[in-house]
Every structure is written in structure tokens, then in C-alpha cells.
Amino acid sequence: MTQKTAVVTGTSSGIGLHTAVGLARKGIHVVATMRDTTRAAALLAEADLHGVDLTVRTLDVSDRDGARACLDAVAAEFGPVDILVNNAGLSIAGTLEQLGEDALQRALDVNLLGAAALTRHVLPSMRARGSGRIVSVTSNGAAVGEPFLDAYCASKFALEGLMQSLAPVAARYGIAVSVVQPAFVATNIGENTDTAALASPGDPYQDLAECFLRSVHAELARAQPATEAAAVVVEAATTGEPRFRWQTSQAAVDSVGLSLADLDGDRAVAAMSAWLD
Ligand code: NAP
């Protein structure tokens with residue numbers, strides 16, 4: 001049997017790093033992509049620890065031409081992509097009034113449009129071969145709008161809507177489309193979150209924003225390990241029984257479950273309001 005090829009985005013750290021290594025440990029040839037390959041040391045050390053090899057390539061999902069060129073080069077060198085994991089993600093904090101148009105555009109550009117472009121680019125070959133897996137790491141914030149994460153949640157809800165619309169069509173061609181919804185995971189996402197919009201002097205939202213930051217730091221302190229969340233992404237990408245939606249922890253099950261069963265939306269809004277107390 002020929003070895004399958006997987007492309008994973010955002011593998012310099014966190015869930016993407018452990019997903020890349022986890023897929024390689026399943027015998028899959030992994031092309032681990034990142035914006036800056038000089039930051040591959042942690043990934044390569046983890047691969048080494050587990051005795052697996054992977055290929056590292058540059059891919060910035062915001063650079064659409066570069067990203068497509070990367071996928072073309074991968075296909076030319078290693079054969080068609082069997083599994084695409086859209087993991088790269090960007091978090092921007094701020095309530096709508098604090099967020100400029102550019103913040104919304106940046107979140108949508110990386111979290112939605114970047115993933116859409118990569119997916120669109122691998123679909124023709126998967127469709128022609130009648131098989132493939134597209135797995136996108138969304139969030140429980142793709143089901144529950146979280147205060148001060150307006151841009152992030154907007155992009156993750158949108159990504160989930162896009163992937164759910166695609167799923168039944170892709171399935172007709174043998175392609176399984178899935179989303180993986182982590183709740184809090186212990187990664188660099190806290191430090192990597194752009195909080196600049198929270199910091200303007202005299203901002204009327206300052207007190208609430210401080211409560212938000214306190215709540216998020218408390219959640220991150222008891223967050224799920226990245227290896228655990230990545231194991232669910234690997235399962236979603238490789239299982240013989242693919243399904244559309246996966247949660248990575250009980251916390252994710254609880255919060256997504258609350259939202260999906262909450263027809264008027266009031267319970268989810270009340271639950272999230274607790275972050276501001
Ligand atoms: P992380 O450690 O900050 O990883 C995010 C990754 O995305 C980094 O490798 C980052 O690369 C990459 N990235 C950002 N912008 C990119 C771009 N334009 N092109 C390519 N890569 C880019 O955080 P993480 O928690 O592992 O995040 C992975 C995914 O899980 C994200 O989609 C995130 O939204 C989702 N998620 C995380 C949590 C959580 O609590 N941690 C919860 C729900 C969902 P650089 O090193 O170059 O910045």
C-alpha cells in the first residue's frame with residue numbers, strides 16, 4: 001500500500017505540532033508547514049523523541065499564492081495530498097466597538113479564507129481520486145460566542161458553516177470533511193493572542209476586559225494538554241468511521257452541547273456572561 005501524505009498547517013507549536021507528529025506516528029508521510037521554518041526546532045525535537053521523520057515546508061495561509069505553490073510542490077514531489085489539516089489559527093481579543101475593520105479582516109483572512117483556499121486547492125485531486133480527508137481545527141468558540149473574542153468566534157463560526165456546507169457535497173466524491181472543536185488547550189495561544197485592542201487608555205470596556213482576561217487565564221491554567229487535543233485531530237483524520245464534528249475534551253462537549261441544545265440562545269449567552277463577573 002502506498003504511504004498516505006498529510007499536509008498540516010501551523011505546526012511550529014501547540015496542537016499543530018503534536019498533530020503532525022501524531023500523524024507521522026501512524027505511518028503517514030507528514031508535510032508539516034509553518035510560516036517560518038527557522039522555528040521548526042520544537043517540532044523536530046518532538047518527532048525525534050518519537051522516532052519519526054517528517055518534511056517541513058514554508059506555508060503562510062495569508063499568502064494565498066505561496067500556499068498554493070507549496071501544495072503544488074508537495075504534490076509534485078510526494079504525490080497527491082490525502083489529508084489536509086487546517087490547524088493554523090489566529091486569535092484577536094476585543095469587543096466589537098474596540099475592533100477595527102482590520103482586526104475582523106485579519107481573523108477572517110487566516111481562520112476562514114486561508115483554510116477555504118487550501119481546501120479548494122486540494123479538492124480537485126481528491127475528487128478525481130474519490131478519497132480524501134479535510135479536517136479543520138475550529139473551536140468550541142465556533143458554537144458559542146465568547147465575550148471579547150468577537151473576531152475570533154466570527155471566523156470560527158464561519159469556518160464551521162463553510163465546512164458543514166461542503167461536507168455533504170464532498171462526501172458524494174468520497175471525501176470526508178470534519179471539524180475538531182477544542183475548548184481551552186495549553187498552547188501558546190494565550191501569548192499569541194493579539195490583545196492590543198483592549199489596551200486603549202480611558203476605554204469604557206476596561207473593567208469588563210480585565211474580568212475577561214482573568215477568566216481566560218484561569219481557564220488556560222486548567223487547560224487540556226496539547227497532546228490530548230492533537231490525538232483527537234489525528235483520530236478525526238485517520239478513523240475508518242469519519243464524522244463531521246469532534247470535541248477534544250469534556251469541557252468542549254459541555255459548551256458545544258449547551259449551545260446546540262439551546263434554541264433561543266439565552267443559556268449560552270448567560271454562561272458566557274460569567275466570564276465578565
Ligand atoms: P498556537 O500554539 O498559537 O498555534 C497556532 C499556530 O498557527 C502557530 O503555529 C502559528 O504559527 C500558526 N499560524 C498563525 N497564523 C498563521 C498563518 N498566517 N499561516 C500559517 N500559520 C499560522 O495555538 P494552538 O492552540 O495550537 O492553535 C491551533 C488551532 O487550535 C488554532 O486554529 C486555534 O484557533 C485552535 N484552538 C485552540 C484553542 C486553545 O485553547 N489553545 C482552543 C480552541 C481552538 P506562528 O508560530 O508562525 O505564529
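From the set of residues in segment 93-109 that are surrounded by 18 or more Cβ atoms within 10 Å (Cβ to Cβ) and part of a loop (DSSP other than H, G, I, E, B), which is nearest to the chain's Cα centre (by Cα)? Restricting to residues being surrounded by 18 or more Cβ atoms within 10 Å (Cβ to Cβ) and part of a loop (DSSP other than H, G, I, E, B), the top hit is Ala93.
Among the residues of segment 114-127, is there at least one that is farther than 23 Å from Ala73 by Cα and more than 10 Å from the ligand (Cβ to nearest atom)? Let's see the steps before the verdict.
Narrowing segment 114-127 to residues farther than 23 Å from Ala73 by Cα: none.
There is no residue in segment 114-127 that is farther than 23 Å from Ala73 by Cα and more than 10 Å from the ligand (Cβ to nearest atom).
Total residues in segment 49-72 satisfying the condition of being assigned to a loop (DSSP other than H, G, I, E, B) and either exposed (fewer than 13 other Cβ atoms within 10 Å of the Cβ) or on the phi > 0 side of the Ramachandran plot (or both): the figure is 3.
When the residues of segment 1-47 are narrowed to those that are polar (S, T, N, Q) and more than 18 Å from Cys70 (Cβ to Cβ), which ends up modelled with the highest pLDDT? Break it down stepwise before answering.
Step one: list which residues in segment 1-47 are polar (S, T, N, Q), which gives 2-3, 5, 9, 11-13, 19, 33, 37-38.
From what's left, more than 18 Å from Cys70 (Cβ to Cβ): 2-3, 13.
On the way: Thr2: 86, Gln3: 94, Ser13: 97.
Filtering segment 1-47 for residues that are polar (S, T, N, Q) and more than 18 Å from Cys70 (Cβ to Cβ), the one modelled with the highest pLDDT comes out as Ser13.
Pairs meeting the criteria (first residue in segment 155-179 and under 21 Å from Val8 (Cα atoms), second residue open to solvent by less than 40 Å² (accessible area, probe 1.4 Å) and among the charged types (D, E, K, R), beta carbons under 8 Å, at least 6 apart or on different chains) are Val179/Glu160.
Beta carbons closer than 6 Å, at least 6 apart along the sequence or on distinct chains, pair a first residue in segment 256-277 that is more than 12 Å from Val144 (Cβ to Cβ) with a second that is surrounded by 10 or more Cβ atoms within 10 Å (Cβ to Cβ) and among the aliphatic types (A, V, I, L, M) for Leu276/Leu208. Listed by first and then second residue, the pairs with beta-carbon distance under 6 Å, at least 6 apart or on different chains, first residue in segment 91-104 and farther than 20 Å from Val137 by Cβ, second of a type in the set (A, V, I, L, M) and open to solvent by 20 Å² or more (accessible area, probe 1.4 Å), are Gly94/Ala197; Gln98/Ala197; Leu99/Ala197.
Restricting attention to segment 27-40 and to residues that are in a helix (DSSP H, G or I) and within 21 Å of the chain's Cα centre (by Cα), the residue that is surrounded by the fewest Cβ atoms within 10 Å (Cβ to Cβ) turns out to be Arg39.
Across segment 9-47, what is the number of residues that are more than 8 Å from the ligand (Cβ to nearest atom), polar (S, T, N, Q) and more than 20 Å from Ala236 (Cβ to Cβ)?
Residues of segment 9-47 more than 8 Å from the ligand (Cβ to nearest atom): 18-32, 37-38, 40-47.
Add one more test, that the residue is polar (S, T, N, Q), and what stays is 19, 37-38.
Remaining after also requiring more than 20 Å from Ala236 (Cβ to Cβ): 37-38.
Number satisfying all stated conditions: 2.
Considering only residues in segment 55-92 that are closer than 17 Å to Val135 by Cβ and away from the ligand (no atom under 11 Å from the Cβ), the one that is nearest to the chain's Cα centre (by Cα) turns out to be Leu84.
If the condition is being within 12 Å of the chain's Cα centre (by Cα) and either among the hydroxyl-bearing types (Ser, Thr, Tyr) or in a helix (DSSP H, G or I) (or both), then segment 117-152 contributes Ser136, Thr138, Ser139, Asn140, Gly141, Ala142, Tyr152. Here is the figure for segment 183-199: residues that are over 15 Å from Ala226 (Cα atoms), small (Gly, Ala, Ser) and either part of a strand (DSSP E or B) or open to solvent by 50 Å² or more (accessible area, probe 1.4 Å) (or both) total 2.
Filtering segment 214-253 down to residues that are in contact (Cβ under 8 Å) with a residue 60 or more places away in the chain and out of contact with any Ser or Thr (no Cβ under 9 Å at 6 or more places or on another chain), which residue is surrounded by the fewest Cβ atoms within 10 Å (Cβ to Cβ)? Among them, the one singled out is Thr227.
For first residues located in segment 69-90 and farther than 14 Å from Ser178 by Cβ, partners that are open to solvent by 20 Å² or more (accessible area, probe 1.4 Å) and of a type in the set (A, V, I, L, M, F, W, C) and lie 6+ apart or on another chain with Cβ distances below 7 Å form the pairs Val81/Ala75; Ala88/Val110; Gly89/Val110; Leu90/Val110. Considering Leu112, Leu90, the condition of being open to solvent by 10 Å² or more (accessible area, probe 1.4 Å), of a type outside the set (D, E, K, R), closer than 22 Å to Ser13 by Cβ and in a loop (DSSP other than H, G, I, E, B) is satisfied by Leu90 alone.
The values are calculated or read from the model by the stated rules, or taken from the named source; none is laboratory data. The shown structure was predicted, so the numbers you read here are calculated from the model rather than taken from an experiment. All Cβ positions, glycine included, derive from the backbone under ideal geometry; neighbour counts span all protein chains shown. To get the accessible areas, we keep the full protein, side chains included, count just its heavy atoms, and leave off ligands, DNA and RNA. Shrake-Rupley method; radii C 1.70, N 1.55, O 1.52, S 1.80 Å.
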